[in-house]
1. If the viscosity is 0.692 mPa s and the temperature 37 °C, what Stokes-Einstein diffusion coefficient in µm²/s follows for the stretch A:204-291 when Rh is the Kirkwood radius over Cα pairs?
2. Between helix B:158-189 and chain B, what is the angle of the helix's C-alpha long axis to the longest principal axis, kept within 0 to 90° and rounded to the nearest 10?
3. Take every Cα-Cα pair in chain A and report what % of them are more than 29 Å apart.
4. Binning at 5 angstrom from zero up to the longest distance, how are the C-alpha pair distances of the stretch A:10-64 distributed in percent?
5. Pick from E:45, E:146, E:107: which is most flexible by mean-square fluctuation in a GNM of chain E where alpha carbon atoms under 10 Å apart are linked?
6. Stick to Cα atoms and the Kirkwood definition of Rh, then tell me Rg/Rh for the protein assembly as shown.
7. What is the distance, in nm, between label points placed 7 Å from the Cα along the Cα-to-Cβ direction at residue C:209 and at residue B:19?
8. Residue A:400 versus residue B:210, label points 7 Å from Cα toward the beta carbon: distance in nm?
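Just so you know, all these numbers are worked out from the coordinates, no wet-lab data involved. Small disclaimer: the values here were computed from a predicted structure and weren't measured. Don't worry about glycine lacking a Cβ; one is built from the backbone with ideal geometry, like all the others, and counts go over all protein chains shown.
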């Protein structure tokens, strides 16, 4: 059953993507539903199993490593798979309004959407360095396809830039994988972990793979492609890009540094990564503060928020791991909600230029409310998932006397407040002239409610962190204390 | 049954206004009757629930709601005597303010937004009152910041945004200090409940340095909302908000939340004994004293009625801090009871200022000439409130000042009397000219912006004001009654200083 | 040793070029070449199987897809990717310096990188005879690590849809280079097409024992397709019929279904039941990849045959 | 016998190499595009034939020999067609630019 | 589809099977057959009606002619390439084409390039005039000879002489 459920997570969306391409008209809805709806069921079952076993491994095609590829589901990947499924379903629901599967643009959209969620699951399950590369490629290409699905010139330009940098990042990663393979004779992450030595070569491999992934993760200073891409993508696509696509690259960096090189003791490297994160937080927030478009603000906010994920390295420890993972989760939900709300503003008011949005809260109260709610989690204010993450992060930073990190986390929160309230202030300002309320159709309401649902999920994450954190703790590889 | 009630009641008390808020948002702008009835029903329900809870607490029960976010991180609502003091004040004043606000905003727009956030704001206040530990306190403290922001920007003009920005900069900046301080404390002791006399006593000498730092972090965190000098600058600027908001901010919600936090800090977290041991009481006392005088002096120079009231608040709220910083049971009583007394008096004053502005367009002090003849009832209320502020018996303010003075003498800090005296003189200096203008000066020929108010409006506005005035006088007159705030506070303080 | 240094230097230069190269076009070209050089690096590390896979996907197909898409984009002229602004290039410079340092470092390291006894390769040589395959590359691609290949075919599919999304329907109206009106072409096509077909199938079949396989076969098929398009025997169509769409997905679909089917009968996921399944999967892959390349070349959603 | 065969095969390979060399030299030395095409097509054709024949002899297997023949035929076909197309192109380009096509279509 | 084209498809099928046999031997005849059928059907899909059939018994003669001439051509061009004085005289001549359109004319155009001194450069649109590029004297005879050979191969004339 385990193998069946895992296969369902990866192959069902891929098969559905194929069917969505082939089937005519209305039948495509069926393919889309068949590709996405079984995922939570399979994952629910797997989560139960994971709770009993602590770790699920399956050798794909029956060949164990080093020859074959091994799927490995632990607490961390389980949490991310859940996030992916939630995003795929809820954001997908939003997308259904704009990309009806039986219309032409839906014909382009849904196969990519399904491929993306399948690839993401495959990435999260994979324990094989080369297989990770392939899944990363698939994720990137599907994401880029989604980015240009509306064929807007800015999006296309951003997509080409993103494509090049992302593929370059892949190649760097691959170079590192080649080194690991040369050294260890295996591509399995966990087998290599026991063999790979922390010598010059091992370090080089690690650094290469890390740099490659940091490009994809858009960690400062390699973030250049992100704002244009996320800021110009169609709404649901921005949401999934920010919530998942960049995250999985960071996830891989975690895997490399904590699992592959977990016992290497390289404090300088860890601090370095932490500093990059810190710079990302400050720089991204400052940039967000001066942007003139809502979506660009949200995009730069992603640059900043990704920085928090890097703080795991200097704060190294179980609690920090739980904190950053939880941040990843709640930021995913909140950011998706924000992008969807911003997209709703953009589609219904025709602009997301800050200057033109005065008084938007009268016309679209639900979406403005969503922005504000999601903002609570982004700010790390209670009660929200972001708050739990921030609390735990601050707790370990204080416990270690890491005042720099404490400062960065706090300053990041304040700057986030600055840029978010800047948006909210405009939205709530009294408009010069208040035009008639547009009649909002059912589809419009659905899109707003989906965004609200995601924002509420981010808040709800602030109330029930215990089971998730417990699940995460089972995945922590390095023991209790740093 | 009782167990069940004891567990869920605190949550119900907090949530009833939150649900009302949600209902108001959903009801929307165009269903005023539904909205208002929802609001009033919730306010009444809250008063009833708080009343039940008060009875339970008086019977020696401890209603407590507990929900573990994480091991060691509890979300805990608990009603102890101090909570009840604040909870009753909020519940009653919410009801009154709602009536006032319905009338006040009869002609305004965006009322759904206003009343929705107003309810949420009360939720946060109630949560602060009932918070059983620092984490819970922090959660609602931040919620309060977030929910008051839309109220401050309600008018949507440039000044309100400037005021709101200042408010946010101060409160969110403070929350940073607060958060660090709280997490630090959690590091030291784990998440412990508030307890009379504090729970930090068993920490060794080697932690004293940390404890001092944490104390000041928390003082900054609470001090901003309590408008302690030099963290008070946001308060006068936030005066751009509509009058009911100002009333709520000053009398109940924001400012009191800060002051309440300071009380919790000194009495229930550190315990006065430890504060004294650490040598923190005197600096706090000096800070409070300075704020009292400073606020009063600045109030003198204001020409805007609401601004003058605002600086008066800066000064008056510090009485509470003063009370807990002096130490000793008598001063503590004075401080805590001022929590209630100042609330009643200040809300009356703001209600009156709101009526002046709303009905006649009077906003400046020099426009007040002869208003007593035009609006006699309101002017009467204003006068009573002002006199109470000055400390004239039998209005509530007198009781507080008396206890504060006596308490200071009791612990041998006689110089505090001088501060109180100076403050009283200054109070008189900035309130008496107003009273003179209201009653004795000749009225101007036309009021700046007189409106033709409906009977309902007038009834709501003035009725609410009369009610608060009555209570303010009542709690002073019947201070000896066993149900009066004074008796209640005396009961609380005996826990602190057995 | 010398080769190591050359490889490393080449990587440095190319990475640099790809990043700061003045125009986007040069960037893409450099990118493709970078991929090729990296493939060499793989081969040098003694892992030809992975080198093949990488050559097929990372640099070859993907690079070609980008190239075609770029070329089309320019022609549509909706996007004229400008040269990067000075600020961007400064940023690129930073990245390039970083990249250069890292790649230089690996060059130094690679000198000592050669360990002869690669575990995975050894295990594979022991296991290969059980599968009945003679070609280790096919063994890796279709049997041992077939998840990689499955996802690679999906990558090609994703790349195709992405390019389609970017190109849009109008691109079908773009003029292709006019078919030369010389009498030589018809016999050329008539002779080459059947022959190419047979050779492609041969390559596919031979892949189980000798070098060859679906990727090479599909390259041949794509060449045939391009020839047909260029000679005007096959023209772009504004919409894809279901046959075309089925051809595009058949590789991924058959692969997935075989894999899932094994699960149903109780074998491990994606286990390959026999040589016939290898052929089935490879044939499907060949059709999909070849068709994808031709469609991208034609720059249209579909194809229509023209008799002349 | 085998030695003789091998020697003959080697000779064929050498001849093939010679023609390839000749073709390349012609490619470099001849004055214009069309003339260069002469060198390429004619010399390389025979060069490839020689090399294929040599290889076939060395392999000593009919199937391989036939395969090589097939390869040669295909290459021959491709070479002539492409030579014609290139010539045509350069001729027409030259006409378009007004130069004397026969002399020096540069 | 008439019988003739069916026959042609059959011939192509046989040829393709032969090719497969060359490629992969006898072991996989079935696969080869399938491949050949696919190839042949592609041929049918693409094929052009052509009325000329080569006389298979005349083929050896043509092959011989072709081999001799192309060796001569190769030697000739090699000689010119290595000659210090580079003795080439580029010239463009127009040559009338008498062969009918289709395979015969195609064969002419492609084989010319392999004969000594000649290169087919362009064929005008109605296919009646061939531009031949020459690097030696007197290419006319060569072209005429070739035309006759091809015509003979296809049974258009009875003798392989111009």
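1. Estimated diffusion coefficient is 235 µm²/s.
2. Once rounded, one gets 10 degrees.
3. In whole percent, the share of Cα-Cα pairs in chain A beyond 29 Å is 45.
4. 4, 18, 18, 16, 16, 13, 9, 5, 1
5. Judging by the Gaussian network model, the answer is E:45.
6. 1.12
7. Going by the 7 Å Cα→Cβ label model, 8.0 nm.
8. For residue A:400 paired with residue B:210, the spin-label model returns 1.7 nm.
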